[in-house]
Each structure stands twice: as structure tokens, then as C-alpha cells.
1. Straight-line reach only, C-alpha to C-alpha below 19 angstrom: list the lysines that Lys3 could link to, leaving out same-chain residues fewer than 8 apart.
2. Which aspartates and glutamates, if any, have their Cα less than 17 Å from the Cα of Lys655, not counting same-chain residues under 8 positions apart?
3. Normalised radius of gyration for the chain, please: alpha carbon Rg relative to 2.2 N^0.38 Å, two decimal places.
4. Dipole of the range 244-375, Cα-centred, from +1 at each Lys and Arg C-beta and -1 at each Asp and Glu C-beta, to the nearest 20 debye?
5. Which one of Thr390, Cys49, Ile209 has its Cα pushed farthest toward the positive end of the charge dipole of the chain, where Lys and Arg give +1 and Asp and Glu give -1 at the Cβ?
6. Where both residues lie in the chain, what percent of DSSP beta bridges are antiparallel, nearest 5?
7. Can you put Arg207, Arg285 in order of accessible area, largest first, using a 1.4 Å probe?
8. Taking all protein chains as present, what is the carbon and sulfur share of the accessible area of the chain, in % to the nearest whole number, probe 1.4 Å?
Amino acid sequence: MSKFQDYPLLALRGRVVFPNTTVNFDVGRMISLSAVKYAADGDSRIFVCAQKQSDKEEITDDDIFTSGTVVKLRQITRLPGNNLRLSVEGLFRATVRQLRKENGAFVATVEEIAPVHGDPSLEEAYFRTSKEILKEITSSDSRMSKDGVASLDKCSDPDEFVNLAGHYLQIKVEQKQELLECPRTVERLKMTDKLLNDELEIMRLERKINAVVRQNIEKNQKEYYLREQLKAIHTELGDDGEERDELEEKIKAKGMSEEAENKCLKELSRMSRMQTSSPDYNVLRVYLDWMLDLPWGEQTQDTEKLSDAVKVLEADHYGLEKIKERITEYLAVLKRTGGMNAPILCFVGPPGVGKTSIASSVARALGRKFVRMSLGGVKDEAEVRGHRKTYVGAMPGRIISGMKKACSLNPVFLLDEIDKISSDLRGDPADALLEVLDPAQNSTFIDRYIEVPFDLSKVLFITTANSLDTIPAPLLDRMEIIELTGYTHEEKREIAKRYLIDRKRQANGLKSTELTISDGALDEIIEGYTMEAGVRSLERRIDAVCRKAAVKLSGGKAKKLSVTEKNLDSLLGARRYERGGKALKEDEVGAATGLAWTAVGGTTLTIEVSAMHGKGDVLLTGKLGDVMKESARAAISYIRTNSSQYGIDSSVFEKTDIHIHVPEGATPKDGPSAGITMATAILSAFTHKPVKKSIAMTGEITLRGKVLPIGGLKEKALAAHRIGIHDVIIPADNKKDLEEIPQSVRDSINFIEVTDVDAVFRNAILGI
């Protein structure tokens, strides 16, 4: 055998391999995998050495120790991720004489480190001493494995003994490397002897520490025993246990359910056995305080007379007849049955129509406590169900917290903006609300913190939303939907006269004799300074008038101010909106007014069509959704199919590009109700006949020219009324929805019911 041999080199992180040992480890770096392949293709021998810095990923020849061990590959197992698990047997120590890189792996020319023996007597003395220390270690409580102790005990060769000791002892990598590199057997035995002595000393220190810990435990047990004796003495004297007895008395008198009472008494018993300084003592004390603060049996008396409830609702809000009617029904049934599961009401409508404020009025009308919980932006399920009391800083969810605040089992509980909840990795709050808002389940609602069922069946839950689209279907199914649509001009005027003016006068420190606002001024504010479904902007404009009046009156120039339509612009500036602001100014070719529904009320859309010389392409702009694009193509197909009926040469479509545009291009638009509007504008563009400026329309078109029904007719009619439209084309199937539209709007608008698109064209396009 040659003195020098070439082997692939494998660098190990945080590990030193000794001869006469079997080691398992994983490899995954490309340079290591290449070395293993190199060895497996040869005689399965590989040179392994320790890496100087274990956290370094890319290594050079300066990053490894030059002394290591030549090992034999016994088993190679493939792991997920292209990693390998190796089982190797250490053969002999060696040192690197030359290092090169070959086929993506380090190849080392190594020389075996032969053991250098000295004085046999000295070696034998050290060897025996090491074995005696090993026996002393294993006779007590060794940290080495049983296999390691047995191997060391049977070993008769000093060098092999040192190798096994280096393998099994829990020492640093640097110490193991020093033990591996040392050529002289006596020096290696000296180092092993020292390491075994260190292990023995560590073991003695561990025994000493354990003894101290045990002594402390015994001391604590002694203190606990004495404390219990002291408690018993105080009990005999009659001056202890007052707090525990007081809590127990409160729990039994609270009127809890049997399960809740047993739970509280059990936790009280646990708490009484703890030291007051214990963290668990405080956790249980806070838990019991929460349980005692909850309204287990307390509830308010509902309003006796239906007429009294109706008076409150009428005094607080104008209109909203559906809600008033539903609350009256609920009270009537409650009086006859003596008890019922409260309904889950969902008020849906645009902003500013009074959804949140009507909930407060409902509570006042029923004579109940009112609790409001905003769900906007809530993402964590624990906001509803709470956290387990074992968590640091745990507390009940917002439902139980609201019940504590109400101090009543039957409050009106408002869940505001239920369409704004969302979910993330902490769970979906909508799923937690399913139990809360299900009359069949909420009598046994369990919050994670209180851990016992709590009855929510007597709570009148009211939810509010701007749109039903984002509410999950299972949650929506549990609620009774009551729609609140936008107000008419007359309703806004009445709301301002009855509520808003007085409220804002008072807020700005004005008396009724100091400021008056005429009906004409109110009409001007509604028409010229607001464009909304609700009354929030109207309230802000009235507030602005009051502020301006306060300035004028504070100057001492006048003692009172009367606001009329003539001097209104001096207070609010120029009009912001013109009546009919979005309606066509004149009869135009290729432009038609459509009606649309949005989450904030109805609105109008002007659809423009331009026909130009081209190749028959269709261009759709205005950020239209897929449904509107399909409606446009259906309208074009119908007009092309029936072109001869309207005096259009069919060949013109092949030479004409059609551009359909809906202004306000930055606003996304979609929905199925713009079909007849697009068809009207397209036909107008090809026949060069203008569309009437005073007409608006809504309805979907089919390829056969049928007009299909749409939704949101009331909101759309209010939008048309708001901008001064007098004629509105609607599908004949929507005739039943006209009853929902206020009488004042129906009196001012002529609703034209159609079943096919030909009737639309005859009514909307001049000269057809």
C-alpha cells in the first residue's frame, strides 16, 4: 500500500468522526453530494474532517481542519429534497498533504496518522486511571449512553479506548479535534483522563444542584403545610375565609345556570387552595369577577303599549315604515306569547339613510338597553369568541363583553357594518357569528373564555350593511333582510325640518329665534349642494350654514338671520350640482341615459356610441365589467339581425367600427340592466336619429329583442327623480315593484312598461 492515498473529502459541520466508531449523518450540499458519488463509484472510502466554522455554506481549503478520519460507506439512504443519509464506519486517522477540486468535489491526498507509543508502563497507568474514573462515573448517574459505557469497558487497546471516549463524551468539537490530531498515545491518554475527570466533576455539580433544588422544594412544602395550619387556626377563630365565603354566596345568589354555577364553585375551590401571589390565583379571580358581572338572570321590562313604542320611533325618525311595522309586529307577538326567540334583523341600504340610528331608536322604543359592536375591519375569530383563560391577557369576546356592558339578558345588540368583516390566518369571524345569529343555537352560545353556555336567545340582534354581496350566504340565511332605500326630495326636506336644523342649531349654540331656514333654502340645499341617497351631506351643509350664521351673529351686526334661496350662495358658495346634472342637456345622436344601482343608492349613466369608418371592430371603454360587455355585444347582434327593419344597410356593419363608452372611466361598472340603453344608443348612432333627453331607461336585452326584468327599481327611480327625468322605461315584469316607490316620485315620473326592445326604440328615439 502506498504511503499516500487519494480520497474524496467530505467536510462535516459540528462533528468529528473517530476510528472504530459507526456514525450516521445527513448531507445536502452539492460539494458533499459530489464527494459521496465519487466514493460510491470507487471503493466506498471517503475522508471526513470537521469544518472550522459550522455556519459557513461555501467552503475553501482554508475552512477545514487538515486532520480527519478515513471512513467506509456502509449505507446510503435518499431523503426528500435531494439529501442523503449516510452510515459510515471509521477506519483510521489521516492528515491532508495535498488538496484539489475534481468533478465538483474536494479530493485529498492523505497520509495515515500512525499511533506513536512511548513508555508502556506510563501508557498502562494512564489507561487504568481512565478506566477507574469511568467506573466511578457509571456507578452513579452517567450522561453517556449504555452502549458507549459497555464499549469503553470492554476495550483493551489504549488508542481504541481514546477513540471511543472522544466519540461518546459530550465535549466541544475543538476538544474532539485536538484528541483526533494528537499522534502520541500517552498524550492522548492524558487528554482522555482529563476529559473523564471533567465529566466526573460535572456529574458531582449536578448532584449538588439537584440536592439544593430538592431542599427548596421541601422548604416550599413546609411553608405550604404551615400556611394551611395557620389557615385552619384562623378558621377556628372565625376571622378567615371571609372572601371565599362572600364569593361563594354571590355565585349561588347570581341565578346562573347549573353548569355555570358548578364551574364557578369548582374554580373557587381551586383558587382557595392557591397562594395569593400565584399567577393562576389572579387568573381565576378575574374569571370569577367576569362570571359574576354577566347578566345571568337580569333583564329589562319591555314597553307595555304598542302605541308608546310607535310614538318613540315616529319621534326619532321620519319614514322607514318597514322597520316600524316590523318592530310593532315583534312587540305584538311578544305580548301575546309572553316570550319568543328574538329575530335577527339586517338593515341594508346606502350610507346616510339612518340604519345605525334607527337601531338605537328601536332599543328606546322597546325600553331595552342598547349595545353597539362595529364589525368593520374585524379579522380575528377571537374578537367574537374570545380567548381561553389560560392565555396571558385573555378576555371574553366582544359579544360577551357587550352583554356585560348591557347588564341585561335582552338588550338590542347592534352589529354594525357586517358586510365589512374579513378573514385571515386567525380564523373567519363570519363563522363565529353563525352561532350568535342563529335563533336555534344562540341559547347555548359558548365563549372560549367563560367555557359554559350563555343564553343569547332573548337578545334582539340588529345588523347593518351597505350591500348583501359580501355577506357569506350561510350568515345571510340566518337574518331577516329589511331594505332601506334612498330618500325622496320631500322626505329629505321633512327630515331636515324635523331633526337636522334643530340639532345643528343646538350644536352651534344658536337659538331658534336667531336662525331660520326657509323651505326654499332647504330645497336649494338639497338640489344644488347635495347628490346622495341619504342625508349625511345635507346635515353637513346645514351645519355649515349654522357655523356661518354664528360668525355673522357674533359680529354684532345682526340679531337674527333668515336663510332663503336668495342669500344661500353667500353662505355656501356657488351651487355644486345643477338640477338634472347627469341628464342629457339636449336630444343627442348616439347618447342615452341609463339607470344603475350601487351600494350607495341609485345613479344615472350616460352611454355614448360612436360609429366610424373601419373594419367592423367593437371597442368598449369606461372600465366595464364582463356582464356589461356581454350586454353590448347582444345589443349589437340584435340590431345587425334586424337592420333592415330600421332602414340600415346590413353591409355597413362590416365597414364600420363601433365605439361604446361609459363616462367616468376610472369607476368600475358592471351589471345586467344596461342592455336596452346600449341598444338605444347604438341604433341612434347608425340611424343618425337623436335620443330624447328627458327619458331614462333600465332593462336587459336578449338576442330575440325581449326586455328582461331588473333589480333595484326603487333606487333607480329615485336617481332619475333626483336629476329631473320625467319618463323612465322599465321592463313590464317590474310593474309589481312600482308599489315600493314613494307616491310623490310616481306622480312626477311617467313609467313606460315595455316587453320588447322595439317599444323602447319607439319611445326613446325621435323619428323611429
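The values are calculated or read from the model by the stated rules, or taken from the named source; none is laboratory data. The shown structure was predicted, so the numbers you read here are calculated from the model rather than taken from an experiment. Quick reminder, even Gly has a Cβ in these numbers, built from the backbone with ideal geometry, and neighbours come from all protein chains shown. Ligands, DNA and RNA are excluded from the accessible area calculation, which covers all protein heavy atoms including side chains. Shrake-Rupley method; radii C 1.70, N 1.55, O 1.52, S 1.80 Å.
1. Lys72
2. Straight-line reach from Lys655, under 17 Å: Asp617.
3. 1.59
4. Here the size comes out at about 280 debye.
5. Thr390
6. 60 percent
7. These residues rank, largest area first, as Arg207, Arg285.
8. 48 percent
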